[in-house]
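The values are calculated or read from the model by the stated rules, or taken from the named source; none is laboratory data. Being a predicted model, the structure only gives us computed values, none of them experimental. Cβ placement follows ideal geometry from the backbone for every residue including glycine, while neighbour counts extend to all protein chains displayed. For the accessible areas, the whole protein counts, side chains as well, though only heavy atoms, and no ligand, DNA or RNA atoms are used. Shrake-Rupley method; radii C 1.70, N 1.55, O 1.52, S 1.80 Å.
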Amino acid sequence: MSRLPVASAREVRAHARRLALRYPRQLALTVFLYALATVFGLAAPWLLGQLVEDMRDGTAEVDRTTLLIVAVLVIEAVLVRGAMYTSATLAEKVLAELREEFVDRVLALPPATVERAGSGDLVTRSTRDVDVLSRTVRLAVPDSLTALMTIAFTLGALVLLGPLLVLPCLVAVPVLWAATRWYLARAREGYLRQSASYSELTDGLTETVEGARTVEAFGLAGRRAARADADIARSYAAERYTLRLRTVYLPISDTAYMMPVVAALVFGGWCYIEGLVPLSAATAAVLYVQQLIEPVDRLLYWMDELQVGGASMARLLGVRGEPAAAVPAQVRNGGGQDIAVRDVRYAYRAGSDVLHGIDLDIKRGERLAIVGPSGAGKSTLGRLLAGVHAPRTGAVTVGGTPLADLPLERLRREVVLVTQEQHVFSGTLRDNLVMARPDAGDDEVRQALMAVGAWEWAGAYGLDARVGSGGTELSPAQAQQLALARLILVDPHTLVLDEATSLIAPRVARQLERSLAAVLEGRTVIAIAHRLHTAHDADRVAVMVDGRITELGTHDELVAKGGDYAALWHSWHGRAVAN
Ligand code: ADP
């Protein structure tokens with residue numbers, strides 16, 4: 001199984017930039033409000049610095065300065081609120097766009113790619129990775145950006161007070177750098193192990209409780225208790241490990257935060273005594289350095305999260321198909337509709353072909369049955385004929401164009417594989433049908449339902465009736481009929497019918513067979529026959545053995561020839577008659 005690709009770091013950065021700049025006005029407004037708020041936030045320490053100096057000179061107006069500080073703080077709070085609001089709405093918009101883009105990407109994937117990658121990978125990407133990215137876009141990105149901005153402005157203010165006063169901040173850099181690197185290298189894995197150990201513990205306990213009778217009956221109590229003990233021990237060890245990480249990292253980082261404050265106090269005092277800076281500047285500098293702690297802390301906190309979010313984004317961007325090939329003119333004109341298979345080989349695992357050079361021509365309107373022992377490759381050939389898989393070598397063409405080159409929505413109008421996976425989507429009956437052809441009107445929908453004999457119940461519900469989860473539950477037979485009506489709307493000229501996957505309860509089989517017959521009417525049908533009477537009714541029969549077509553002809557020809565098919569037919573027919 002080959003996993004879906006993952007986008008490169010460069011693609012992720014380019015995409016993030018494009019996303020960020022998609023709403024330039026709102027982005028500019030957000031940045032402006034945060035910048036303004038930060039400037040107001042810087043005013044209070046500066047005023048305090050002035051106050052200290054004025055006190056020394058005996059010219060202080062404490063009441064006025066206090067009022068001013070209060071006013072500045074209120075304005076800052078209002079600005080921060082506005083900035084948070086605009087950044088939150090911006091994040092939601094970007095997130096919605098990311099999600100829509102992702103859904104578009106998934107839907108545009110060629111079936112062969114999905115088939116190869118397996119659905120597990122796709123499901124994880126569309127659930128866990130989307131969740132992780134939501135958190136990153138909603139919280140980590142705006143919060144770290146504002147933290148960065150606050151840090152930059154505060155450093156700017158320090159430079160304005162006196163360039164020398166920036167120096168104390170530098171003492172923290174090497175310590176924080178080393179400690180954070182050490183922590184980040186270990187934390188992720190440690191916390192993952194910790195949560196995995198919780199799941200194991202819960203799983204074990206739940207199992208013991210649910211299977212309490214079995215545990216008792218077989219005297220397994222000792223073994224179950226031992227397992228719980230082992231789980232607890234593992235969980236304890238995992239917990240101790242992360243605790244150790246915190247007990248090392250947090251004191252170091254807290255100390256590193258305080259070092260610049262102390263340094264600013266000592267160094268600022270010295271600068272003041274030496275007459276290098278005024279008292280107000282030295283005071284304000286200490287307060288600024290103290291104010292730096294919070295944004296730096298926030299930035300470090302999100303660092304890890306940003307990396308995880310980037311990884312998720314890379315996985316989401318990796319979901320993409322090859323660009324759709326240009327549709328050759330002859331297909332656009334509705335060209336030929338004959339299907340040709342030329343020397344087709346196919347392997348699920350490299351090196352072991354399950355189809356060994358298949359050649360087959362199917363004329364428009366023909367009914368071909370493919371029969372043969374189980375494992376011969378019938379379903380595989382069926383999937384190749386429907387363009388679900390692309391051949392390893394050779395080609396499957398319709399009207400001269402390789403199926404593999406057709407864009408999905410074009411392909412679906414040529415050939416459709418009919419399987420039993422008949423999902424009823426939650427929505428109205430109409431939604432369930434027009435999803436196959438969004439431009440279909442109510443008349444066409446009604447006619448499609450009538451053709452498959454479903455109008456009786458569907459008409460009674462009405463096209464606006466809600467079905468699927470949360471709505472009216474449809475019976476399996478009704479779900480099948482919906483799927484068949486969808487086929488009539490899509491109107492492909494060729495259907496590949498895999499009988500093994502379309503077995504239906506005998507009770508409803510007769511009704512559904514009539515519905516199916518209506519859909520097959522006038523189309524090329526390739527039936528993978530697991531019951532020989534299908535073969536008997538077909539125009540031609542292909543017999544497959546071990547990935548090769550060994551016999552090809554009409555039922556009568558093959559019976560007369562006395563080969564594999566004749567043997568199969570006689571044994572089946574004999575049994576059928578005996579029954
Ligand atoms: P049939 O429809 O005639 O029973 P299939 O086309 O299902 O035969 O299988 C042909 C061969 O391909 C078998 O050997 C089967 O084990 C193998 N095969 C089928 N599907 C897969 C798959 N998804 N992955 C790997 N091998 C597969």
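Can we say residue 558 is away from the ligand (no atom under 16 Å from the Cβ) and over 24 Å from residue 416 (Cβ atoms)?
yes
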Would you call residue 325 at pLDDT below 85 and in contact with an Asp or Glu (Cβ under 6 Å, 6 or more places away or on another chain)? yes
Quick one: residue 343 ticks every box in (1) modelled with pLDDT of 90 or more; (2) within 16 Å of the ligand (Cβ to nearest atom); (3) more than 21 Å from residue 488 (Cα to Cα) bar one, so which box is it? (2)
Kindly establish whether residue 47 is touching a Leu at 6+ places or on another chain (Cβ under 7 Å), assigned to a helix (DSSP H, G or I), touching a residue at least 12 places away in the same chain (Cβ under 8 Å) and open to solvent by 50 Å² or more (accessible area, probe 1.4 Å). no
Test residue 276 against the criterion of being open to solvent by 60 Å² or more (accessible area, probe 1.4 Å), modelled with pLDDT under 95, not in a helix (DSSP H, G or I) and not aromatic (Phe, Trp, Tyr), and give yes or no. yes
Do the conditions hold for residue 542, that is, is it open to solvent by 20 Å² or more (accessible area, probe 1.4 Å), farther than 25 Å from residue 426 by Cα and of a type in the set (Gly, Ala, Ser)? no
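So, restricting to helices (runs of 4 or more DSSP H) that lie completely within segment 373-446, which ones have at least 3 residues that are crowded, with 21+ Cβ neighbours inside 10 Å and away from the ligand (no atom under 16 Å from the Cβ)?
Because the criterion is at least 3 residues that are crowded, with 21+ Cβ neighbours inside 10 Å and away from the ligand (no atom under 16 Å from the Cβ), the helices (runs of 4 or more DSSP H) in segment 373-446 that meet it are 429-434.
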Only one of 249, 257, 241, 236 is surrounded by 14 or more Cβ atoms within 10 Å (Cβ to Cβ), among the aromatic types (Phe, Trp, Tyr) and over 23 Å from residue 295 (Cα atoms); which? 241
Looking at segment 489-501, is at least one residue of a type in the set (Gly, Ala, Ser), within 16 Å of the ligand (Cβ to nearest atom) and either assigned to a helix (DSSP H, G or I) or in contact with a Ser or Thr (Cβ under 8 Å, 6 or more places away or on another chain) (or both)? yes
Inspect segment 549-557 for any residue being out of contact with any strand residue (DSSP E or B) (no Cβ under 9 Å at 6 or more places or on another chain), modelled with pLDDT under 90 and assigned by TED's automatic domain parsing to the domain that holds residue 377 and give the result as yes or no. no
Residues (within 16 Å of the ligand (Cβ to nearest atom) and in contact with a strand residue (DSSP E or B) (Cβ under 9 Å, 6 or more places away or on another chain)) located in segment 529-544: 529, 530, 532, 534, 535, 541, 542, 543, 544
Is it the case that segment 512-524 has a residue that's at pLDDT below 80, away from the ligand (no atom under 16 Å from the Cβ) and open to solvent by 60 Å² or more (accessible area, probe 1.4 Å)? yes
Within segment 545-555, residues open to solvent by less than 50 Å² (accessible area, probe 1.4 Å) and within 13 Å of the ligand (Cβ to nearest atom) come out as 545, 547, 549
How many residues are part of a strand (DSSP E or B) and among the hydrophobic types (A, V, I, L, M, F, W, C) when one looks only at segment 452-487? 1
Take segment 419-428 and flag every residue that is modelled with pLDDT of 85 or more and either β-branched (Val, Ile, Thr) or farther than 30 Å from residue 459 by Cα (or both). 424, 428
Could you check how many residues of segment 56-65 are assigned to a helix (DSSP H, G or I) and loosely packed, with under 13 Cβ neighbours inside 10 Å? 5
